[in-house]
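Take a look at the structure below.
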Amino acid sequence: MDGNANLLEASVRLPLDAVELDVSIDTVSTAVAIVGPSGAGKSTLLRILAGVERRAQGTVRFRGETWQDSEKGVWMPPWKRGVGWVPQDELLFPHLSVSENLGYAGASDAAIDEMARLLSVDHLSSRRPRYLSGGERQRVALGRALLASPRILLLDEPFSALDRVLRREVVEKVSSLARDRSIPLVLVSHDETDAELMADERWILNGGVLTKEAAGR
């Protein structure tokens, strides 16, 4: 692996219902926000990076490691990429409790308890996902992703169900955890405050085209 390689490089194409997604991104930043209107392909781009969208053509590399190269027939499955992916629908395991969801990747009981307290879901430890609010499910999904010791976090509107006060609190906690644990992240959000608090580099996806926002804007 090249120690001087960019953190993330991707050049991918995929026809969508409304637009033709044809994007390229290369960055050394460890905290990137992707913003843009609904239907622009932001969630699809995260799915490609996570390895759960196989229809896309092109290349994806993380820290010099090739995750996808369509021309060479290379495609690394999600579980080998080591991503912490939090999609909009959270994908919690319905038959598991909050604590069991948090610890699915093998975290210790102490780590699970600490994360539950940090995200203010410790009082819900024995509940199943169907008994949680949307905001509670989002926090459990975030905690589960962080406890999996991911190589990179891919966050798709992860705070959308939280009220304004709690949203800022959780954004700051997750951002701090990612920095402390040296976990790079890519955030998709419609909320400008989320992007400002979490990211030091912003990209705009509109009409299937991805452009880097100029510094100082």
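What follows draws every value from the coordinates through simple rules; no lab data is involved. These numbers come from a predicted model, not from an experiment. All Cβ positions, even for glycine, are placed from backbone atoms using ideal geometry, and neighbour counts span all protein chains on display.
Summary of computed values
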{"item": "Spacing of the two label points (7 Å from each Cα toward its C-beta) at R181 and D69, in nm", "result": "3.1"}
{"item": "Helix-only mean residue ellipticity at 222 nm for the chain, each DSSP H run of n ≥ 4 adding -39500 (n - 2.57), per residue, nearest 500", "result": "-8500 deg cm²/dmol"}
{"item": "Between 0 and 90°, nearest 10: helix 134-147 axis offset from the chain longest Cα axis", "result": "70"}
{"item": "Charge dipole magnitude, Cβ of K and R +1, D and E -1 - the chain, Cα centre, debye nearest 20", "result": "380"}
{"item": "Percent of beta bridges antiparallel (DSSP, the chain, rounded to nearest 5)", "result": "60"}
{"item": "Spin-label pair V52/K212, simplified geometry with 7 Å Cα→Cβ offset, distance in nm", "result": "2.9"}
{"item": "FRET efficiency, D113 to N6 (Cβ-Cβ, R0 41 Å, nearest 0.05)", "result": "0.65"}
{"item": "Degrees, to the nearest 10: 109-118 long Cα axis against longest axis of the chain", "result": "80"}
{"item": "Label-point separation, R128 to F93 (7 Å along Cα→Cβ), nm", "result": "1.4"}
